[in-house]
Structures are given as structure tokens and as C-alpha cells.
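The values are calculated or read from the model by the stated rules, or taken from the named source; none is laboratory data. This structure is a prediction, so every number in the text was calculated from the model and none was measured. We place every Cβ from the backbone using ideal geometry, glycine too, and count neighbours over all the protein chains shown.
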């Protein structure tokens, strides 16, 4: 009762002080309701006594304490409520405090009745405290458990996201309308597109080759009932063409209903290049076996024929026509012998004895021989041979490599042009991944890089994958062994050769060979 009076007085004083400070009347209409409530508190505060219905509000205080302070708070407030209620009954019994309305006429409160009322209310106070505190404890434990579950859920979600973002395979999901809804970090790296740029975009607008797969379902491969796999060509944002290997599956929600599709993909461009390399090596090996057989089966009879023709030419008296026929036969047998020599060089490039030689000196000798040939005097040679580069090779073989490349460049510049030759030493770790992955790091940590560039008519793009094949040639009189021999020799030295070409702008051959030292 005292607390209620104090609170009402405080509210009244505060309202009046604010109005006086603001210079406004404290009888504003919106304050009338506040004053009415405060007045009712003053008038009704001493009402009730033992028969007061307001003793129910003790229960609200106990419940509130149990919710806020749990069991201890509920017991404390139940005890305080018991004391105050007992004090209120005691003051009324001794006449110290009289409520506005007392017992009905002729009704007398005996000590037994009063004690019964106090006992019943006190019991109710503690019962409510215990029950409400049990409920609040349950709520608290449930909140704690829920908080732990929420933390675990966030940890699990973070773990799953980190796993998805950390894998090297690209992942993307689409909804039932084929619009992209997710793109992981690997997908961004492979495609060159950011997730923010492709979100909500139809997948066919980004991966245009998917339409062809849907049009020709026989291109989709299935392995033992696993997810279907297929490969498509893809043009990155920077214009580079990649080969992507895809697998896809239905994306389902927790109830098993379809929400779209999920695609997992990898950049298999390097794998495709390796496949082409293996195919080329297989073809070269087959031709090598054929060349070895031809060398044994053809060279001996050819030598006999050539020797016999020479004897006949020298011993017989021949007119000019017959002598010319003899010369043709000898020239053709010499050409066949040279062809067989090329076959043997192509088939068995490792048969030669290798030694440490100076690369730039060999290239310089080949260029000097090339420049002195009157057939190629319309070619301007530009060389940039840096330092002294030592490699392990057979001098004649390596000279044959550069001679073939120089002749090939000159034949592409029928009307003249420029032949540029440059060399330098490069560490393995400074090379592009596409190049370094093809080199054997166990062979050497440093490599010689030779670049031979011409300004000829170039090689059509459709032929770039075939130029190192034996017997493939775009020239009318070519037999297609020159570049095949170059490839075999470079490969036998644990090196690689690559080519870049633009039609009507020239060709650039780049060779990487293991270097033993740099002086």
C-alpha cells in the first residue's frame, strides 16, 4: 500500500514538474486520464483488508519474480508477500488499520478465520512461486539448449559453406526455371564471372553449349548409374576457350521435392591436351616401329640397286638420254635413302650420343648456314641470343631441329619477311602453369627457352593440332616429316615445343629444353 502511494505521488509530481518546466498548464486534456488513475490509487489504496480482492496481485508479483529471477527470486517475493499480507491482516485485527469497507453487520472475524486466510494465502504464494519457477527454469533450459543448437547450426552452416568454397570443383545451382541461384568461388575462378553478375541469369546464357547437350542426349555419359557426365566448350570472360567436364543431379529440399538442379564441373582443358599428346605419342610410336622395319627391309636392297646402277653407268657406253635416266635413278635412290635416314632419326632419336654443348653456338651456326643459302636471301634474320646456355644434346640432332624450323619458316615467307630467333634461361617456377606442368622438374630447375617467329602466312587454326603428326603437310611437295622429327627430338630431350599462329600474321614456335648450367 505504501509503495503504491509512493509510486502514485511520484507520478503526479513528475507530470506536474514537466508541465511547469515547459511553461504549460498541468491541466492539459491528455493528462486528465493520468490524474484520474492517480486519484483512484489514493482513494482505493486503503480498501479491502482481509476480504480484499487485490491480494490476487501478489500472485502477479511472485510470477514476475520467478520469470526474472527464477526459483530464488520467486521464493523471496513469496516470503515478502506472506509477511506483508500477514502484517496487513494483523493491523486490521487490532484496529490499527481499517479498510473503507469492513465485515458485514454481525460478521466478526475470529482469530481462527484470520489464521486460516493467512495460511491459505501463504500456501498459495509459495505454491505459485514453486510452480512458476519450475516453468521459468524449463524455459531457461530450453533457451540455453536452443542457443547451443543455434550455435551448432551456425557452425555447421559455416563448415558446409567453407567446404563448398574450398573445393577445386566449380559448383552452381539453378532453380526450376533454370536461373542460377548459387556460384561457388571455384566456379568464379574457372568461368571468370562473379556470382553477383550471374545470379538470376539463365544458365543457358552463360553456358551456351548446354543447349547442344540437351539437343543431343547421346553425348551424356553414365557410369554405373552415377550422375550423368558430359563435356562442353566454354568461352571465358577473357576470351580463352576451355573444356569443362560436367556432372549434374536434381537439387531437392528437405521433403524430397525438386528445387532445381546442381552442376559440378572442372576445367579439363589440360586433360584434353594430355589426351591429344598421348594420341600423338601413340601415332609417333607406331610410325617409329614402321620406320625401323622399313630401314632394315628397304635400305639394303636400295643400296644394292644404287651400287648396281653406278657400276652400269660407269661401265656402259650410254647416250645422253640413257645417261640422264641413270642419273634420275641414282638421284631418286639417294632421295629414298635420305627419307629412310629421316625415318630412323624420327623413330630412334635417343640412339645418338649426347654431350654437354653450348646451345647459342649451335643456333648461330645454323643461322649462318641458312643466311648463306641464296634460296633464302630475301629473309631478314634477327637474332637475340642471350649469354651462354649449356644443354645436354647431340650437336647434329639439335642442329637438325633448328634447320627444319628455319626451312619451315622460310617456306611460309615465299615473298620474303623476318625470321626472329631469341634464347634465354628461365627458372621453372617462373613459367606459366600450362608450360611448367608439362616439364619434368626432376630433370632440371632451369630451362632454356628458344622462340622462333616468322612473318609468313601462318597456320590455319584447324591444322594446329596436326602439324606434328607424321606425313601431315600443307605443302604440295612436303612429305610431313620435318616437324614430326623436331617434335620427337625435343621430346627425347625431356623438353617441349608449342606453337602459336595467326593466319596471315606468322607462326611462333617456343621450345623449352633442360639446361645443365648458365655461365
Scope the range 355-385; condition exposed (fewer than 13 other Cβ atoms within 10 Å of the Cβ), farther than 18 Å from residue 454 by Cα and modelled with pLDDT of 85 or more; matching residues: 355, 356
Selection status of residue 458, out of contact with any helix residue (DSSP H, G or I) (no Cβ under 6 Å at 6 or more places or on another chain) and either without any contact (Cβ under 8 Å) to a residue 12 or more places away in the chain or part of a strand (DSSP E or B) (or both): no
Failed condition for residue 403, given (1) part of a strand (DSSP E or B); (2) in contact with a helix residue (DSSP H, G or I) (Cβ under 9 Å, 6 or more places away or on another chain): (1)
Criterion: under 18 Å from residue 495 (Cβ atoms) and either part of a strand (DSSP E or B) or touching a residue at least 60 places away in the same chain (Cβ under 8 Å) (or both) - qualifying residue of 384, 380, 360: 360
In the range 496-517, residue modelled with the highest pLDDT [restricted to those that are assigned to a loop (DSSP other than H, G, I, E, B) and touching a helix residue (DSSP H, G or I) at 6+ places or on another chain (Cβ under 9 Å)]: 515
Some residue of the range 254-263 being at pLDDT below 80, surrounded by 13 or more Cβ atoms within 10 Å (Cβ to Cβ) and farther than 30 Å from residue 243 by Cα: no
Failed condition for residue 471, given (1) under 38 Å from the mean Cα position of the chain (by Cα); (2) surrounded by fewer than 13 Cβ atoms within 10 Å (Cβ to Cβ): (1)
Unmet requirement for residue 173, which otherwise passes all of (1) buried (at least 17 other Cβ atoms within 10 Å of the Cβ); (2) within 15 Å of residue 237 (Cα to Cα): (2)
Qualifying residue in the range 431-447 (condition: more than 18 Å from residue 409 (Cα to Cα) and modelled with pLDDT of 85 or more): yes
Verdict on residue 309 being at pLDDT below 85 and in the same structural domain as residue 176 (by TED's automatic domain parsing): no
